[in-house]
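The values are calculated or read from the model by the stated rules, or taken from the named source; none is laboratory data. Please read these numbers as outputs of a predicted model, since none were measured by experiment. When we count neighbours, we look across all protein chains shown, and the Cβ atoms used for this are built from the backbone with ideal geometry, even at glycine. Accessible surface areas use protein heavy atoms only, side chains included; no ligands, DNA or RNA. Shrake-Rupley method; radii C 1.70, N 1.55, O 1.52, S 1.80 Å.
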Amino acid sequence: MPLNAIELAKLFHDKNPGITPGHRMCPGCAAPVVVKFALMTAIAKGYHPVVGLATGCLEVSTTIYPYTAWNVPYIHNAFENVAATISGVETAFRAAKKRGEIPPDKKLAFFAFAGDGGTYDIGLQSLSGAVERGHKFIYIVYDNEGYMNTGNQRSGATPPGSDTTTAPVGKRIPGKLQLKKNIVEIMAAHENVYVATVAISEPIDFMRKIEKALEFDGPAFIAAHSACVRFWRVNDDKAVESSKLAIETLYWPLYEVERGVYRVTKKVTNPRPVEEYIRAQGRFRPLLARPDAKEIIEELQQYVTSRYERLLALEEITKDKPLRGPWAKEDIQTDEHAM
Amino acid sequence: MPGKLFEVRWHGRAGQGAKSASQMLAEAALDMGKYIQAFPEYGAERTGAPMKAFNRISDEPILLHSSVEKPDLVVVIDDTLLGNPDIVAGTDENTIMIVNTVRDSNWVRQKSGFKGKICVVKATDIALEELGRGTPNTVMLGAIARVTGVIELKYVEEKIRDMFLKKFGEEVVQKNIRALHRGYEEVRCDA
Amino acid sequence: MPTKQALTGAEAIAYAMKQINPDVVAAYPITPQTPVVEYFAKYVADGVVDTEMIPVESEHSAMSACVGAAAAGARAFTATAAVGLALMHEIVYIAASLRLPIVMAVANRALSGPINIHCDHSDAMAERDSGWIQLWAENVQEAYDFTVMAYRIGEHPDVRLPVMINFDGFIISHGVEVLETLDDDVVKNFVGKPIKMYSLLDTDHPVTYGPLDLYDYYFEHKRQQIEAMKHVPRVFKQVAEEFAKISGRKYDLVEEYMTDDAEYIMIALGSTAGTIKHTIKELRAEGKKVGLVKPWVFRPFPKFELQRILNGRKGVIVLDRSASFGAEAPLYEAVKSALYEVAVRPQLGSYVYGLGGRDITPAHIRQAFEDAFKGYLIADEERYLGLRE
Amino acid sequence: MPELKGWKELPIGGIIVEPGNAKQYKTGTWRVLRPVYQPENCIHCMQCWLYCPDQAIVVEIVDGKPKMKGYNYYYCKGCGLCANVCPRSIDPKTKQPAPEEKRAIIMRPETDFAEE
């Protein structure tokens, strides 16, 4: 039975799925929805989620002492190390299991959540290391394209032309000049990994990918388009609409890469111009007032179109051709030597 | 038998096994009930660079953690190092030097300017003959046993057995023991 | 039966950890710590232990993974040195503030720059206010013994703090000495099962680690850490007493060497204490009343012990293997501050030595004692041993 | 606000041992706009429930099916996402915003609701 709103409401109408209300995220923020989708899927599939969180909006707003909005085991360590931290938790779990301290049929799902700052930038090394080592965990970046926790500074995920406080649109410079870093491909290049993009406007696709990540024999990386209504300067009720538009303009293609095999999970037949995405958000308004806005939008248009075509081509040439076999089973020798 | 604290300085080239030899010396002395130290000098050098290793052997617990300044014994594993002033640093008439060389002690003295007793042994040649490999360590340990008495052969034999029996078998053990004994027998001192 | 072996300090610590068989080891290579994790990795590869090892991509991740593992109830271990410890710095503090009894061996090495791989104490001193218990080993034996004792101290319910075992880089880490090891079973029984609190794997009792802690509570949590440190001396002594029963070796917060009638006392940490003892023996043979106090525990600082021992002596000489730029050297500063409260203050002298692995010999130690004999110790003057002017 | 505890009473390490106790914290005071539920127009598709970032939608199971029952205003921050995703907010024929009387959720200024 695929997870849909009706089925989930039956399961969760009287309980909080990992995260509870009473958190202090901005009204209309997409991040708690991302968390909800992920954890509901895990719980519905019989997993006990254990959550690691990088410093960021979600972290500070959900755990203001003495309150916690988490009713599952939770750890925040620092900004740049959520992947390493959760890799320690996951390893402790394997050690405990090996020593018979955990019932063998008990399923734990280790989630790491981080914003784009904690993922694309300061946390990239820790993330890459943990994925390369093959820990069984699901890393989810709620990508709101900037350091929103500290008030809209530029990150490696900020799109060109976006007005941020550290790359403002000025008289000379039209805001951030560089394209958004392609974190999905960076992560896919680890090759032992299940990688996917998701958006809250496509909940079935979202939860199917989480399910896949849960069942994947190795690390998973999920990039979630996650509107920051505050600093994208859109109305509080626009998070889902923003994601929808991102998909329809090819700004945020929905796809997955499983050990090198590409699948575009949402085909967009008549894409809308990326300019619509730009025009819908106040963070691009200072750019639009500049004479060079056209060039920047054109460059972005060219980029998103060719990226999408490239993804379709990759889907074609990688079909049924995984780069690697399943990730080596953990504890190959150690199980034999268990004491 | 040397005095309470016996200090050794090894000279070799990185990769020649001076560090392992110094450790084996320490382990054999430990088995004799002595207190020991073995420590190499570390830099950023790579294979082939001149290097030093040290030993302290004593009847009492060794407290010192400074480097060996006035060795009682200098062991030179590679005679091409003899011109290096480090070789004679901190030595005097009472110091003993054992050199792996095919030359004689006069040549060694001339090369190094060393003032103490010089002993020579063709350790590499012996190793080649007995082991088929030019690794002079066990031969040098035989020479040290003979010249200084700081270790006894049977303890080194035990160490050789510990180290090689499991990995390489009895034949290799016997070869090394022969090399050890030849070092003991064939070392020649000038005084 | 205790066995005598010729081992390096790095091997000794790995050997103790093998006997402890921790749940998780996360580590990254750095000179001169590397052999610790190399030896341990071999134990894992050979199946001698069933520890899960995480070969992380940096020291920062090593400590981060240890935090995750310890919060999940695991006994976690790591080892590092110098710049590796500095890279961990942020998480070193977090480990202590989350009250996770992680054990870390630090092969003390000079901090860059310029880069240097040899022994001094600048790395550990940079972490002295991090909230970790700091034990300092003089030799291979103490490095082993402290490793065996560490979890017992850190995991104690009144303590719940991480423990750093300091041993001098190269001098102890790579120096072969005689080590008396205990039997595996003896160590296993002594260390016992981990005392778990608030495990992330206990999904029936979910806890939140590391919330945002603002001005209304942060201070209280720091006060708890201060309190935990106050319990360490008692717990350390208890554990040391038990350890003496299995090993015959007795530890305390400080070691006193020939202090009974000593008029002049030297204070130093780590391997140099041995060289000082050697020199003291020589000076005693010459009729000089000299002694040594060596803190085995530097954090918490054994203030009361030092006050008791140093009160009324003629001279106290403090040797530091690290400098504090723009202030007094760390050990000296702490000793001097302790002596403010004693009835009869001794003359006091500060000597910095051995930075970047510069050798310290009996001659240097004698030189400092000679200053004291001449009554030439000046509390406000930092002097240097083995430095070219 | 609970009374602030002293250091001796708190669990160590800043660890929070009461899972999900943020539920005690009222975020309803943040609200500027209030969603008002018009049950007669609701098709109980659960989209509002699915998306609410603050889990403020009250749902009950009736005859094995989930039914929207209104709002938990203790938590609702008034973002309006529920109304935005509600299919009844759009006229199915014109694809334009539906008239208010046809909608299941309408957003009203909080000032319209003086004291309750």
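Odds and ends about this structure:
- Annotation: of all residues in the range B:52-76 being open to solvent by 20 Å² or more (accessible area, probe 1.4 Å) and hydrophobic (A, V, I, L, M, F, W, C), the one that is farthest from the chain's Cα centre (by Cα) is B:Leu63.
- Filtered residue count, the range A:32-48, keeping only those that are more than 8 Å from every other protein chain (Cβ to nearest Cβ) and either open to solvent by 10 Å² or more (accessible area, probe 1.4 Å) or more than 23 Å from A:Val89 (Cα to Cα) (or both): 5
- Single match in A:Glu90, A:Glu80, A:Glu101 (criterion: part of a loop (DSSP other than H, G, I, E, B), crowded, with 24+ Cβ neighbours inside 10 Å and of a type outside the set (A, V, I, L, M, F, W, C)): A:Glu80
- Those residues of the range B:155-178 which are more than 19 Å from B:Ala29 (Cα to Cα) and touching a Gly at 6+ places or on another chain (Cβ under 9 Å), in sequence order: B:Lys175
- The set of residues from the range C:201-213 being within 25 Å of A:Pro103 (Cα to Cα) and out of contact with any Gly (no Cβ under 7 Å at 6 or more places or on another chain) comprises C:Asp202, C:Thr203, C:Asp204, C:His205, C:Pro206, C:Val207, C:Thr208, C:Tyr209.
- For the range C:257-292, the tally of residues that are within 28 Å of C:Lys4 (Cβ to Cβ) and in contact with a strand residue (DSSP E or B) (Cβ under 6 Å, 6 or more places away or on another chain) stands at 11.
- Conditions (1) in contact (Cβ under 8 Å) with a residue 60 or more places away in the chain; (2) crowded, with 20+ Cβ neighbours inside 10 Å; number of the one not met by A:Lys180: (1)
- Residues that are farther than 24 Å from C:Asp320 by Cα and open to solvent by less than 10 Å² (accessible area, probe 1.4 Å) were ranked within the range C:169-181; the one that is farthest from the other protein chains (Cβ to nearest Cβ) is C:Thr181.
- Of residues in the range D:8-32 being within 8 Å of chain A (Cβ to nearest Cβ) and open to solvent by 70 Å² or more (accessible area, probe 1.4 Å), the one farthest from C:Leu214 (Cα to Cα): D:Trp30
- Residue selection: C:Lys314 satisfies the criterion of being in contact with a strand residue (DSSP E or B) (Cβ under 8 Å, 6 or more places away or on another chain), open to solvent by 10 Å² or more (accessible area, probe 1.4 Å) and over 16 Å from C:Ser122 (Cβ atoms).
- Which listed residue, of C:Asn116, C:Asn166, C:Asn139, C:Asn108, is surrounded by fewer than 24 Cβ atoms within 10 Å (Cβ to Cβ) and in contact (Cβ under 8 Å) with a residue 60 or more places away in the chain: C:Asn116
Let's see how each residue does on (1) buried (at least 23 other Cβ atoms within 10 Å of the Cβ); (2) not hydroxyl-bearing (Ser, Thr, Tyr):
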site: A:Thr164; (1), (2): no, no
site: A:Gly170; (1), (2): no, yes
site: A:Ala189; (1), (2): no, yes
site: A:Asn192; (1), (2): no, yes
site: A:Thr197; (1), (2): yes, no
site: A:Ile200; (1), (2): yes, yes
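- Residue check for D:Tyr75: within 17 Å of the chain's Cα centre (by Cα), at the interface with chain A (Cβ under 8 Å from one of its Cβ atoms), within 20 Å of A:Ile200 (Cβ to Cβ) and hydroxyl-bearing (Ser, Thr, Tyr): yes
- Residues that are open to solvent by 20 Å² or more (accessible area, probe 1.4 Å) and β-branched (Val, Ile, Thr) were ranked within the range D:44-90; the one that is farthest from A:Ala69 (Cα to Cα) is D:Ile90.
- Meeting the requirement of 3 or more residues that are at the interface with another protein chain (Cβ under 8 Å from one of its Cβ atoms) and more than 16 Å from C:Gly357 (Cβ to Cβ), the helices (runs of 4 or more DSSP H) wholly within the range C:45-128 are C:59-71, C:82-97.
- Of the numbered criteria (1) more than 9 Å from chain A (Cβ to nearest Cβ); (2) basic (Lys, Arg); (3) part of a loop (DSSP other than H, G, I, E, B), the one D:Lys5 fails is (1).
- Selection count, the range C:233-272, where residues are polar (S, T, N, Q), over 23 Å from C:Glu333 (Cβ atoms) and either open to solvent by less than 70 Å² (accessible area, probe 1.4 Å) or within 16 Å of the chain's Cα centre (by Cα) (or both): 1
- Taking the criterion of being farther than 16 Å from C:Leu253 by Cα, touching a helix residue (DSSP H, G or I) at 6+ places or on another chain (Cβ under 6 Å) and hydrophobic (A, V, I, L, M, F, W, C), the residues of the range C:116-147 that qualify are C:Cys119, C:Met125, C:Val140.
- Residue satisfying all of: in the range B:161-174; under 13 Å from B:Leu131 (Cα atoms) and in contact with a helix residue (DSSP H, G or I) (Cβ under 6 Å, 6 or more places away or on another chain); least open to solvent (accessible area, probe 1.4 Å) among these: B:Val173
- Each residue in the range B:34-53 was checked for being under 26 Å from C:Ile276 (Cβ atoms) and within 9 Å of chain C (Cβ to nearest Cβ), and 9 pass.
- Verdict on B:Ile87 being in contact with a strand residue (DSSP E or B) (Cβ under 8 Å, 6 or more places away or on another chain), among the aliphatic types (A, V, I, L, M) and away from chain C (no Cβ under 14 Å): yes
- Total residues in the range A:1-18, condition facing chain D (nearest Cβ under 8 Å), open to solvent by less than 40 Å² (accessible area, probe 1.4 Å) and outside any loop (DSSP other than H, G, I, E, B): 3
- Verdict on C:Ile91 being buried (at least 24 other Cβ atoms within 10 Å of the Cβ) and in contact with a His (Cβ under 9 Å, 6 or more places away or on another chain): yes
- Test for D:Lys93: is it over 23 Å from A:Arg230 (Cα atoms), basic (Lys, Arg), open to solvent by 40 Å² or more (accessible area, probe 1.4 Å) and within 8 Å of chain A (Cβ to nearest Cβ): no
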